[in-house]
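Engineer: Just dropping this structure here.
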Number of protein chains: 4
Amino acid sequence: MSSGLGCDGLPSNWGRWGAGDELGTLNLVTDEVRARAVAEARTGRWVSLAMPVDPASMLGGPFAPPAPASPPVQQAMLYTGIPPMGMSEVLVVTPHHPGLTHLDAPAHMQVDGLVYPGRPLTEAVTPAGVEHGSTTAFADGVLTRGVLLDLAPGGRLPSAHPIAGADLDAAERRAGVRVEPGDALVVRGGWAFSWDGGEPTPGMTVDAVAWMQRRDVCLYAGDIGDAFPPMDPQVPMPLHQVGLTRLGMPLIDGAQVEDLASTFAELGRYAFLLTVAPPRLRGATGVPVNPFAIF
Amino acid sequence: MSSGLGCDGLPSNWGRWGAGDELGTLNLVTDEVRARAVAEARTGRWVSLAMPVDPASMLGGPFAPPAPASPPVQQAMLYTGIPPMGMSEVLVVTPHHPGLTHLDAPAHMQVDGLVYPGRPLTEAVTPAGVEHGSTTAFADGVLTRGVLLDLAPGGRLPSAHPIAGADLDAAERRAGVRVEPGDALVVRGGWAFSWDGGEPTPGMTVDAVAWMQRRDVCLYAGDIGDAFPPMDPQVPMPLHQVGLTRLGMPLIDGAQVEDLASTFAELGRYAFLLTVAPPRLRGATGVPVNPFAIF
Amino acid sequence: MSSGLGCDGLPSNWGRWGAGDELGTLNLVTDEVRARAVAEARTGRWVSLAMPVDPASMLGGPFAPPAPASPPVQQAMLYTGIPPMGMSEVLVVTPHHPGLTHLDAPAHMQVDGLVYPGRPLTEAVTPAGVEHGSTTAFADGVLTRGVLLDLAPGGRLPSAHPIAGADLDAAERRAGVRVEPGDALVVRGGWAFSWDGGEPTPGMTVDAVAWMQRRDVCLYAGDIGDAFPPMDPQVPMPLHQVGLTRLGMPLIDGAQVEDLASTFAELGRYAFLLTVAPPRLRGATGVPVNPFAIF
Amino acid sequence: MSSGLGCDGLPSNWGRWGAGDELGTLNLVTDEVRARAVAEARTGRWVSLAMPVDPASMLGGPFAPPAPASPPVQQAMLYTGIPPMGMSEVLVVTPHHPGLTHLDAPAHMQVDGLVYPGRPLTEAVTPAGVEHGSTTAFADGVLTRGVLLDLAPGGRLPSAHPIAGADLDAAERRAGVRVEPGDALVVRGGWAFSWDGGEPTPGMTVDAVAWMQRRDVCLYAGDIGDAFPPMDPQVPMPLHQVGLTRLGMPLIDGAQVEDLASTFAELGRYAFLLTVAPPRLRGATGVPVNPFAIF
């Protein structure tokens, strides 16, 4: 039963895979799905779905290289003697930064004090660490088929556009592709992360997330996600509050899909083998990731 | 010319791909190699070659969960209100930590003040950042064929064993597999990272690194690497000082290959599609990584 | 009115200096108190009341110097060229660590969701920072008279000893000194911070904190504080939950008072000029500090 | 012999207090100097010589409070449950940041590979830590007499003004005060730290540092220091390269002296009791500090 609703009328997978489940929609990635996925890898060509990131130097003052405010990754290059034994560094990483392509684990988001699949946040996240819904369940990584739906081929969506299921249907028709159960959905809206971000962004509606539930999408990645500022006062963050928390569908925030879109324009194909291999870090609520689209 | 020697008589690729090259042996991964690699991916089954890591809490004192000394990853779970808006964290990462599976970039290691391919360290690494030989060239990731050579099937190498080319030849014969140009070499010695590490480890000799050069290995990953303590006073770290610096061969330190070994024992195959997808971080000398062996 | 009780029957200063007060008992340090304090400084001899701290190296692995688990201060020595332009570092500090002498600001501790003087925690501490009760009010530092009460001259208090007001009275009589309004109280119990900390420590009771209120103590510093494990299930942390939260009395946790005690044994004086000069950091809930006892 | 020159003709104290000395000019603070210092403390009024600092939040993204680029102090407020057990944080500190009032230890600066008093940098600072010339020798703090020399009363020095000994003499005459052996010299130039810092700053010349040597100044603090950009190609940083390295005179960079200047304008006094009490951190090359001027 893939189109359940919670008692609040919103799409929900709570209970679908048991009360202790941590995999969420990754349960949909069966052997059959994986076999379908690797069948898309024919030449070994691939593109990255991550934004490149330049670390900011932790040196301060007139001798330090310029750095942006609130950088996602900072670097302290370590002194190890003259001549140095080897160059190494300490990195300070803010995984959920919008300028860093990252994977959200279910414990990242709570609704009314509950995280997927209905577990109290206070049990899931304690001062001792994340006991439930962390990256632990994802740390092995993800391998499945990915499908790109380009919502604005060659351009970008209008500012503050509310994306509905019908937009996803239309993109499928344009591309001649269909999102099957267990596929990862990769969305292009033509909006890249920007430091100033003055303009209201487009974003997914509950209707679009319901579409993802109907299609049994296992993972979402996009250059757009929830609208900022929010558009729906009832559900300000549909992807996070419904997709991640109610469906247990992991999210890749801040995907970079321009290279993917241009490759597909060239090849005329919209499906690929997707690998998501975060550093094998357990117990986090998010982790930077470099998804590969292999075809 | 794949078997060049430097003027010091040690294997060297300096100059092979030009004076400004940053890819090193990754230049060997041609379209043909990638096509051979994806041909190994038949079912979509995969294993991770990374050690799982539990972050240490940055809380201190009697209320803090116990943590090891010098952990590779530390986590500060962020307060974001009551109830929290969302759970997120700051991570402090020491990429070159032996307890963290990571990729070494050429600028990590210098010999006589030079990094691959003969560039002065002082030009390659400056207070403003790593200008040459950083992870920038690798940030897109690596996709190639991987081959596992198990040097001690079902057990482990003797302590302080010096691994020679002949050991690699013998492992090939046992497995009925051959490392081809552009392949990644994955080695199992049966020695996992340990916090106490009192026992002298086995390690690669210059002879073994010369073997890798002859075979045009594009990348090395192993649960063992350079012996610690060093065995050869002339070249205390053959993999790092010859493999990384002179050959420009990226290294994955601290690979976890037990899962790979048992999978292969089950399937009777020793080659696979290898993907290495570090966070797309430029300008670092090392970065944590979760390599996938897909078959 | 310096001996108020809250509606829960516990000592309280809520409302004594207004609803928006952030100084708490530091309001008691008048010009007259300060004049009395500097009169104690006659020779310029001084001792530090801070534990010395060695930073732990953030380098990891076999080349790194050994470090304790969960250190209070970590150091990444920065690479700034060959030869280096100048040596500098990044420090990672956990201010509330029991191995680091530090000053607690009122926002550090809440009781039933309220911080001194009855402000909701959710207003005092927000994701944007600490709006009320932070170190901002203390960042200029403290200058007052300090008085040492040695509860176990030449030895140490018994394990798990509950310290009552009568213990403080007895120490005053022994030393021939009297804690006056606006004085800082420095307590010696003979228990230093220890990493293993297996033994139950002595600690202050509500009765002792009520004594501090009656005497109008402006600040508490001690080598002991709240008992760990707690002794009183109703009020597990009397100094923090009553002294800091209800009285608004700043606490210096982890003071080192052995040097002070031996100096006083030598001089036969138990009062001194106390200066507390934390880094002038606003908006924190705690900050490392090096109090001076000048006489 | 307080006016020695090194073999390069520059003022030097190398050898004056032995080859292993780490205190440098702090050796000049005798019991007599300290007695003179506390005699200046008459009322207990005091001002801080530190710039207030607001930590930058380590949260990133649209929900995070705005932060400057390259902040001197960052703060990660820690999640410790709902309701939180207590509020605490991790601080990331860059001690030598020009926006943070801090104390430089001798090992901060080398000249021709040597640190005060002629020790090779490679012995003083090793991968294992700072073995010589660190904050260890200063960690107890400093107590001495301070004298303010205001070089531009009521205004500020011209841009790029080279400060000579004659400027210091003139300021003494204006104020009717004299810097005695063992005093700390506090200088006001009317230039506060600024983030943009486009304008060339005034700065100390070798002539001024020679004046400090003649007067046996034990410590320098100022709102100005070395000119930026440098004015003297031979000695681009006279205070750091001569004062700190050759004289062993600790420097307080980025002092805030406006409050001190206005207090003295009010009182007509230019000398005071100075306390410098850095967190008692050993093994660092710099540490934030909040100097007190007590009078």
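Engineer: At the interface with chain C (Cβ under 7 Å from one of its Cβ atoms), farther than 20 Å from residue C:91 by Cβ and under 22 Å from the mean Cα position of the chain (by Cα): does that describe residue D:42?
Structural biologist: When the stated conditions are applied, residue D:42 does not pass them.
Engineer: Let me ask you something else. What is the residue count in segment A:55-70 for residues that are crowded, with 20+ Cβ neighbours inside 10 Å and within 7 Å of chain B (Cβ to nearest Cβ)?
Structural biologist: Of the residues in that region, 3 qualify.
Engineer: In segment C:123-140, how many residues are in a strand (DSSP E or B) and in contact (Cβ under 8 Å) with a residue 40 or more places away in the chain?
Structural biologist: Looking only at that region, the number is 3.
Engineer: Suppose the filter is at the interface with chain C (Cβ under 9 Å from one of its Cβ atoms), farther than 30 Å from residue A:66 by Cβ and in a strand (DSSP E or B); does residue D:47 pass it?
Structural biologist: In short, yes.
Engineer: Could you list, in sequence order, all residues of segment A:159-213 that are among the charged types (D, E, K, R) and within 19 Å of the chain's Cα centre (by Cα)?
Structural biologist: Within segment A:159-213, A:180, A:183, A:188, A:207 qualify.
Engineer: Going by what's in this entry, would residue C:267 be described as farther than 30 Å from residue D:256 by Cβ, among the aliphatic types (A, V, I, L, M), touching a Phe, Trp or Tyr at 6+ places or on another chain (Cβ under 9 Å) and surrounded by fewer than 24 Cβ atoms within 10 Å (Cβ to Cβ)?
Structural biologist: yes
Engineer: I've got another one for you. Look through segment C:176-197, keep the residues that are at pLDDT 95 or above and among the aliphatic types (A, V, I, L, M), and return whichever of them is surrounded by the most Cβ atoms within 10 Å (Cβ to Cβ).
Structural biologist: So the residue we want is C:184.
Engineer: Just to verify a result, which residue in segment A:253-264, among those that are of a type in the set (D, E, K, R) and within 13 Å of chain B (Cβ to nearest Cβ), is surrounded by the most Cβ atoms within 10 Å (Cβ to Cβ)?
Structural biologist: Once the filter is applied, the top-ranked residue is A:253.
Engineer: Look at residue D:33 and say whether it is of a type outside the set (Gly, Ala, Ser) and not in a strand (DSSP E or B).
Structural biologist: yes
Engineer: Here is a list: B:192, B:166, B:152. Which entry is out of contact with any strand residue (DSSP E or B) (no Cβ under 9 Å at 6 or more places or on another chain), more than 30 Å from residue B:284 (Cα to Cα) and hydrophobic (A, V, I, L, M, F, W, C)?
Structural biologist: Answer to the check: B:166.
Engineer: Still on this structure: Given the conditions (1) surrounded by fewer than 23 Cβ atoms within 10 Å (Cβ to Cβ); (2) hydrophobic (A, V, I, L, M, F, W, C); (3) at pLDDT 95 or above, report the number of the one that residue C:46 does not fulfil.
Structural biologist: So the condition that residue C:46 fails would be (1).
The rows are residues; the columns are (1) part of a strand (DSSP E or B); (2) within 12 Å of chain D (Cβ to nearest Cβ); (3) closer than 30 Å to residue A:165 by Cα.
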| position | (1), (2), (3) |
| --- | --- |
| A:84 | no, yes, no |
| A:98 | no, yes, yes |
| A:117 | no, no, yes |
| A:147 | yes, no, yes |
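Engineer: Continuing with the same structure: When you look at residue C:190, is it on the phi > 0 side of the Ramachandran plot, free of Cβ contacts under 8 Å to residues at least 60 places away in the same chain and in contact with a helix residue (DSSP H, G or I) (Cβ under 9 Å, 6 or more places away or on another chain), yes or no?
Structural biologist: Spelling it out, residue C:190 is indeed on the phi > 0 side of the Ramachandran plot, free of Cβ contacts under 8 Å to residues at least 60 places away in the same chain and in contact with a helix residue (DSSP H, G or I) (Cβ under 9 Å, 6 or more places away or on another chain).
Engineer: Just the residues that are in contact with a strand residue (DSSP E or B) (Cβ under 7 Å, 6 or more places away or on another chain), open to solvent by less than 10 Å² (accessible area, probe 1.4 Å) and part of a loop (DSSP other than H, G, I, E, B), please, taken from segment C:241-252.
Structural biologist: Of everything in segment C:241-252, those that are in contact with a strand residue (DSSP E or B) (Cβ under 7 Å, 6 or more places away or on another chain), open to solvent by less than 10 Å² (accessible area, probe 1.4 Å) and part of a loop (DSSP other than H, G, I, E, B) turn out to be C:245, C:247, C:249, C:250.
Engineer: Being touching a Pro at 6+ places or on another chain (Cβ under 9 Å), under 26 Å from residue C:87 (Cβ atoms) and surrounded by fewer than 21 Cβ atoms within 10 Å (Cβ to Cβ): is that true of residue A:85 here?
Structural biologist: yes
Engineer: Shifting gears a bit: Consider residue A:126 against the criteria (1) at pLDDT 95 or above; (2) facing another protein chain (nearest Cβ under 7 Å): it satisfies all of them except one. Which criterion is unmet?
Structural biologist: (1)
Engineer: Among the numbered criteria (1) under 22 Å from the mean Cα position of the chain (by Cα); (2) more than 7 Å from chain B (Cβ to nearest Cβ); (3) not β-branched (Val, Ile, Thr), which one does residue A:108 miss?
Structural biologist: Exception for residue A:108: condition (2).
Here is a yes/no grid of residues against (1) touching a residue at least 24 places away in the same chain (Cβ under 8 Å); (2) open to solvent by less than 20 Å² (accessible area, probe 1.4 Å); (3) not β-branched (Val, Ile, Thr):
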residue: B:199; (1), (2), (3): yes, no, yes
residue: B:202; (1), (2), (3): yes, yes, yes
residue: B:206; (1), (2), (3): yes, no, no
residue: B:213; (1), (2), (3): yes, yes, yes
residue: B:219; (1), (2), (3): yes, yes, yes
residue: B:225; (1), (2), (3): yes, yes, yes
residue: B:228; (1), (2), (3): yes, no, yes
residue: B:231; (1), (2), (3): yes, no, yes
residue: B:235; (1), (2), (3): yes, yes, no
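Engineer: On to the next question. Out of B:33, B:73, B:90, report the one residue that is among the β-branched types (Val, Ile, Thr), crowded, with 24+ Cβ neighbours inside 10 Å, within 9 Å of chain A (Cβ to nearest Cβ) and over 19 Å from the mean Cα position of the chain (by Cα).
Structural biologist: Only one candidate passes the filter, namely B:90.
Engineer: Still on this structure, I have one more. Name every residue in segment A:150-166 that is surrounded by fewer than 23 Cβ atoms within 10 Å (Cβ to Cβ) and not in a loop (DSSP other than H, G, I, E, B), in order of residue number.
Structural biologist: Passing the criteria: A:150, A:162, A:165, A:166.
Engineer: Further question: Please state which one of D:121, D:78 is within 12 Å of chain A (Cβ to nearest Cβ), within 21 Å of residue C:130 (Cβ to Cβ) and of a type in the set (A, V, I, L, M, F, W, C).
Structural biologist: D:78
Engineer: Which residues, taken from segment C:3-31, are within 30 Å of residue C:268 (Cβ to Cβ) and touching a residue at least 12 places away in the same chain (Cβ under 8 Å)?
Structural biologist: Within segment C:3-31, C:25, C:26, C:28, C:29, C:30 qualify.
The values are calculated or read from the model by the stated rules, or taken from the named source; none is laboratory data. Here the structure is a predicted model, which means the values were calculated and not measured. FYI the Cβ positions are ideal-geometry reconstructions off the backbone, even for glycines, and counts take in every protein chain you see. The protein model used for the area step is the full one, side chains on, heavy atoms only, and it has no ligands, DNA or RNA in it. Shrake-Rupley method; radii C 1.70, N 1.55, O 1.52, S 1.80 Å.
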